[in-house]
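The values are calculated or read from the model by the stated rules, or taken from the named source; none is laboratory data. For clarity, every value in this text was computed on a predicted model and none was experimentally measured. Don't worry about glycine lacking a Cβ; one is built from the backbone with ideal geometry, like all the others, and counts go over all protein chains shown.
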Amino acid sequence: MTEPLLRASGVGKRFGGFVALAEIDLDLQNGERLGLIGPNGSGKSTFVNCLGGVFPSHDGSIAFAGHALHGLAPHRRARLGLARTFQLPRPFAGMTVLENVTVPLLYTGTPNAAEATARAYACLEQVDLAPRARLLPRQLSQVELRRLELARAIALNPSLLIADEAMAGLSHSEVDQILALLFRLNAAGTAVIMIEHVMRAVTEFSERLVVFVAGRKIADGTPRDVLAMPEVEEAYLGTRAAA
Amino acid sequence: MSEAALAAPPGLAAPPRGGHAVFWGGAALLAVALIAALRLLHNDYAWFAGYFILQYVVLASAWNLLGGYAGYVNFGAAGFMAAGAYTTIVLRKALGLDLLPCIAAAACVSGLLGLGMGWLTLRLRGVYFAIATLSLAVVLHTIIVNWDYVGGSRGAYVVPSRDTAPFVTHGEYVFVVMLVLAVLAVGIARMVEKSRLGLGLAAIRDDERAAEAAGVPTLRLKLIATTLSGALMGVAGAPLPHYSAYLNPEAAFSLAYGVNAIAMPLIGGAGTWAGPVIGALLLGTLQQAATVMISSALNLLVVGCVLVAFVALAPHGIIGLFRGARR
């Protein structure tokens, strides 16, 4: 068994007396496609924030690419190849689309401005956003903002991408566009954790599905097996009686 | 990523980084022309009025490094300015040093003060950070008022040096010193803006959490900005005792410095190197005109009126107006 790319052991997070996350164990292999689902407030984003370093202190331990992440600032995690997108797109509003993607390149191993610009343009081409390179983020549509988030993540040359509700609020065809991008990225070797409420996308994309409920992991397996589990159906999709 | 993918994309240039030689050359020519023009006037007041305006070019450019580029509003500009001024007084009294070494020392003292302030407060954001910087100025003011060595609340005199050659008068000497400092401050701000550091600070201003996720070492960049900004504010204040020959805490910690340091970049266009220069030239000249023609008590009223007008009509300042017209 090879060393997993990501190993979370007993990860927990409290906010005062509220337990947002408890005893989460999760391994992820290189190039794996993992779907993470759960109702609102189940701890998915808290877990992502623990991985990304937004919450520097939490219970348990997280190792990524052979490095213990405890106490590591978010920018150092990004440099290790751990990239994330945000639930609501968070572009650098005062910069052009191209400059938005240049920032991660300049700070993660491409200090030469001309080279960083060329690489940023290549990242924009990967997400079909190159023709919009000179625009400001406020001139982009919702799906284009999602693609910009992905381009900024791709610029980190990640070995793991956490896509946090990258399809929220998108139309059927726009979801397909983002799915195609994630498949392309995964085909190039990047492991992806997809956190999503759009079940069609999660089931189509994920080769493994994990379910969080009330801060705990209640299921971990293939999408088919997990979605057939009665406790998942009850907790996430609602009880048959309720339906 | 293939080499083909790395070829320069059509119609897209690298972020502008050049033009430094043109800037420095142009600034030097402008400075020489300004000195020559003021010499022709044969009026000592012109040197002092010019100094007054140029000190605000330095102060506003310094404030802009943190407030404009990184979005962290420093209400304690007067504290840094006073730290520079009192460094001059201490070194003059203790070692008899002339102005130029005092300026270098003021940059070090205020830079360290900025670094310390940043270390203590940069985990705060928004209004909490602003209040913390204001508190720093209040603490420094209290220390100076109770420090007899620098004159306490009575103030201290600095007897200007009689030997100012090759300058004709003492007024010309302090003006030229401040002119050089202003060119340096604007040049440094311009280099920061067009550098990797500038882009990182802009990312912090736009969205700090997203900047961290994009690999930007936010705390380190902010500490660099507070240090550089503090050092330049101290530099702006260092010649003050030589300019006025007397300094007391009320003058050194004047509300006018704190207000102008913020108002000038906002009116000119915060986050750009030219904005604070335009704001300082505009507001500085207006205040000098008000002082001469009406009353010095009206200075802050002028600043307040112009600031209110710009916040209402042009929130991105004069530079923003031009950019808006171009788009």
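I'm trying to understand the selection: among the residues of segment B:184-213, which are of a type in the set (Gly, Ala, Ser) and in a helix (DSSP H, G or I)? If the condition is that a residue be of a type in the set (Gly, Ala, Ser) and in a helix (DSSP H, G or I), then B:ALA185, B:GLY187, B:ALA189, B:GLY198, B:GLY200, B:ALA202, B:ALA203, B:ALA210, B:ALA211, B:ALA213 are the ones that fit. Determine if segment A:85-98 includes at least one residue that is in a helix (DSSP H, G or I), within 9 Å of chain B (Cβ to nearest Cβ), more than 22 Å from A:HIS197 (Cβ to Cβ) and touching a Leu at 6+ places or on another chain (Cβ under 8 Å). Yes: segment A:85-98 contains one or more residues that are in a helix (DSSP H, G or I), within 9 Å of chain B (Cβ to nearest Cβ), more than 22 Å from A:HIS197 (Cβ to Cβ) and touching a Leu at 6+ places or on another chain (Cβ under 8 Å). Looking only at segment A:92-104, residues that are in contact with an Asp or Glu (Cβ under 8 Å, 6 or more places away or on another chain) and buried (at least 24 other Cβ atoms within 10 Å of the Cβ) come to 1 in all. Could you check segment A:20-79 and list, in sequence order, the residues that are in contact with a helix residue (DSSP H, G or I) (Cβ under 8 Å, 6 or more places away or on another chain) and over 21 Å from A:ALA163 (Cβ atoms)? Hits for segment A:20-79 are A:HIS58, A:ALA73.
Restrict the check to segment A:14-31 and report whether at least one residue is within 14 Å of another protein chain (Cβ to nearest Cβ) and in contact with a strand residue (DSSP E or B) (Cβ under 6 Å, 6 or more places away or on another chain).
No, segment A:14-31 contains no residue that is within 14 Å of another protein chain (Cβ to nearest Cβ) and in contact with a strand residue (DSSP E or B) (Cβ under 6 Å, 6 or more places away or on another chain).
On the given criteria, is A:ALA8 part of a strand (DSSP E or B) and within 14 Å of chain B (Cβ to nearest Cβ)? Against the criterion (part of a strand (DSSP E or B) and within 14 Å of chain B (Cβ to nearest Cβ)), A:ALA8 does not qualify. Of all residues in segment A:60-83, one or more are within 25 Å of A:GLN139 (Cα to Cα) and within 19 Å of the chain's Cα centre (by Cα). Note on segment A:29-51: residues that are surrounded by fewer than 16 Cβ atoms within 10 Å (Cβ to Cβ) and either hydrophobic (A, V, I, L, M, F, W, C) or assigned to a strand (DSSP E or B) (or both) total 0.
Scanning segment A:90-116 for residues that are at pLDDT 95 or above and among the polar types (S, T, N, Q) turns up A:THR96, A:ASN100, A:THR102.
Out of A:LEU6, A:LEU28, report the one residue that is of a type in the set (A, V, I, L, M, F, W, C), more than 24 Å from B:PRO217 (Cβ to Cβ) and at pLDDT 95 or above.
A:LEU28
Remark: B:LEU120 falls outside the filter, which requires a residue to be within 26 Å of B:ALA182 (Cβ to Cβ), without any contact (Cβ under 8 Å) to a residue 40 or more places away in the chain and hydrophobic (A, V, I, L, M, F, W, C).
Suppose the filter is more than 9 Å from every other protein chain (Cβ to nearest Cβ) and either touching a Leu at 6+ places or on another chain (Cβ under 7 Å) or not in a helix (DSSP H, G or I) (or both); does A:ARG134 pass it? Judged against the criteria, A:ARG134 is not a match.
Screening segment A:119-129 for residues that are more than 24 Å from A:LEU80 (Cβ to Cβ) and surrounded by 19 or more Cβ atoms within 10 Å (Cβ to Cβ) and picking the one that is nearest to the other protein chains (Cβ to nearest Cβ) gives A:TYR121. Only one of the listed residues (B:HIS42, B:HIS20) is more than 25 Å from B:ALA77 (Cβ to Cβ), at pLDDT below 95 and within 22 Å of the chain's Cα centre (by Cα). That residue is B:HIS20. Looking across segment B:229-257 at every residue that is polar (S, T, N, Q) and assigned to a helix (DSSP H, G or I), the one that is surrounded by the fewest Cβ atoms within 10 Å (Cβ to Cβ) is identified as B:SER244.
Of B:SER195, B:SER244, B:SER229, all but one fail to be hydroxyl-bearing (Ser, Thr, Tyr) and within 14 Å of chain A (Cβ to nearest Cβ); the exception is B:SER195.
Restricting segment A:99-118 to residues that are out of contact with any Leu (no Cβ under 8 Å at 6 or more places or on another chain) and not aromatic (Phe, Trp, Tyr) leaves a set whose member that is nearest to the other protein chains (Cβ to nearest Cβ) is A:ALA114. So, of the residues in segment B:75-104 that are without any contact (Cβ under 8 Å) to a residue 24 or more places away in the chain and assigned to a helix (DSSP H, G or I), which turns out to be surrounded by the most Cβ atoms within 10 Å (Cβ to Cβ)? Within segment B:75-104, the match that is surrounded by the most Cβ atoms within 10 Å (Cβ to Cβ) is B:LEU91. Among B:VAL174, B:VAL216, B:VAL180, which is the only one that is surrounded by fewer than 23 Cβ atoms within 10 Å (Cβ to Cβ) and either touching a residue at least 12 places away in the same chain (Cβ under 8 Å) or not in a helix (DSSP H, G or I) (or both)? Result of the check over B:VAL174, B:VAL216, B:VAL180: B:VAL180.
Please tell me if A:SER206 is among the hydroxyl-bearing types (Ser, Thr, Tyr) and surrounded by 20 or more Cβ atoms within 10 Å (Cβ to Cβ). For A:SER206, the condition - among the hydroxyl-bearing types (Ser, Thr, Tyr) and surrounded by 20 or more Cβ atoms within 10 Å (Cβ to Cβ) - is met. Selection within segment A:52-78: residues that are closer than 16 Å to B:ALA214 by Cβ and in contact (Cβ under 8 Å) with a residue 40 or more places away in the chain. The member of this set that is surrounded by the fewest Cβ atoms within 10 Å (Cβ to Cβ) is A:GLY52.
Can you say whether A:ASP164 is of a type outside the set (A, V, I, L, M) and in contact with a strand residue (DSSP E or B) (Cβ under 8 Å, 6 or more places away or on another chain), as far as the supplied structure shows? Against the criterion (of a type outside the set (A, V, I, L, M) and in contact with a strand residue (DSSP E or B) (Cβ under 8 Å, 6 or more places away or on another chain)), A:ASP164 qualifies. If only residues of segment A:61-79 that are touching a Pro at 6+ places or on another chain (Cβ under 9 Å) and either part of a loop (DSSP other than H, G, I, E, B) or under 17 Å from A:ILE193 (Cα atoms) (or both) are counted, the one that is nearest to the other protein chains (Cβ to nearest Cβ) is A:ALA78. Filtered by the rule that a residue be within 13 Å of chain B (Cβ to nearest Cβ), of a type in the set (Val, Ile, Thr) and part of a helix (DSSP H, G or I), segment A:138-196 gives a lone residue, A:ILE154.
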